[in-house]
Amino acid sequence: MNVPIRMLGIATTIFWIVLAAFIASAAYSLKDLGFGVGDPQFTTTPDHGLIFTLPLFIDNRGYYSLKSFDLTTVFSDAEGVEISKASSFLPVIPAEQNTSILHNVTLGLNGIAEKYLFEDANLTCQVTAGLNFAEIVPTQLSANVGFLWGAPLYGFKLGNPQLSGSNPTYLATKVPLSFENHAAFDIVGNVTVRLFAGQDTLLAESQSTINASKNTRYSGALNFSVPVSAASAGNLSGHFEVYFSTTMFECGPVVIPYG
């Protein structure tokens, strides 16, 4: 009985030595594993979505393949409310090869709170990456990354109506309009503004096309024809109702007081 037990002990010892050597060689290969991140790209979708594409580069110069590579990103607002979630999966990253992954995240602007159209914000991106190294070593890493959101209509402002003209029925009215596009995409579309006197007296409506490139300031003006019977020149107060219809989002009414 002693001989078989002794042989079993020797076999067990050899097994653990081989396993330890395998794990050591796998761990040694980790030093030959390189990661890179390319410049993010932004594209739009017909349903008012913004696709955020992050290129990832994995250079596996080690002796073993990486399997079941899974990358998940979750974008949340300042209150912790989830805005968007996306995952990318790659079954195998072969040894001694370079591999590229395009991780796509869709941000639906219509689902983002209205304030993020007008205010810059610090969003949170939780990144979770998992893989199986050398087929026996499962690994998972997680981290929170700050993401600066640039508002497409930052500082949007309408000036006070400027009344003029000698028409006995209508007064020509000009309203200055301005904002800064802090977003990573261009703004193309229409803005419609309804001009009210007091609480609920609709005086006029005007529409204008806006075209603001990313990271630029936009300024323009809206023209109204206000009935003389409803307002006197230089003594007008009330509010605007603003509606936006762009290739990226729909928004409104946004109420802005004046006077």
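Just so it is clear, none of the values below were taken in a lab; they were calculated from the coordinates. As the structure is a computational prediction, the values presented were derived from the model and not from experiment. Every residue, glycine as well, gets a Cβ built from its backbone with ideal geometry; the counts of neighbours run over all protein chains shown.
A few remarks follow.
- Note that the range 89-94 has calculated 3J(HN,Hα) couplings of 10, 10, x, 9, 10, x Hz, one per residue in order, obtained from phi through the Karplus relation 6.51 cos²θ - 1.76 cosθ + 1.60 (θ = phi - 60°); glycine and proline are x.
- For residue 206, net neighbour charge (Lys/Arg +1, Asp/Glu -1) across residues whose Cβ lies under 12 Å away: 0
- Here the average projected area of the convex hull drawn through the C-alpha atoms of the range 154-258 stands at 6.2 nm².
- As a proxy for reagent exposure, ranking 115, 174 by other Cβ atoms within 10 Å from fewest up yields 115, 174.
- For the pair residue 217 and residue 53 in one chain, pulling the backbone fully straight at 0.36 nm per residue adds 56.5 nm over the alpha carbon distance.
- 3J(HN,Hα) couplings calculated from phi for the range 142-154 with the Karplus curve 6.51 cos²θ - 1.76 cosθ + 1.60 (θ = phi - 60°) are, in sequence order, 9, 7, 9, 10, x, 10, 7, 9, x, 6, x, 10, 4 Hz; Gly and Pro show x.
- For residue 149, the amide hydrogen comes within under 5 Å of the amide hydrogens of 121, 122, 123, counting only partners 5 or more places away or on other chains and with H modelled in the peptide plane.
- Dipole magnitude of the range 34-149 about its Cα centre (Cβ charges: Lys, Arg +1; Asp, Glu -1), debye to nearest 20: 340
- Counting neighbouring beta carbons within 10 Å and listing from fewest to most, the residues 148, 71 come out as 148, 71.
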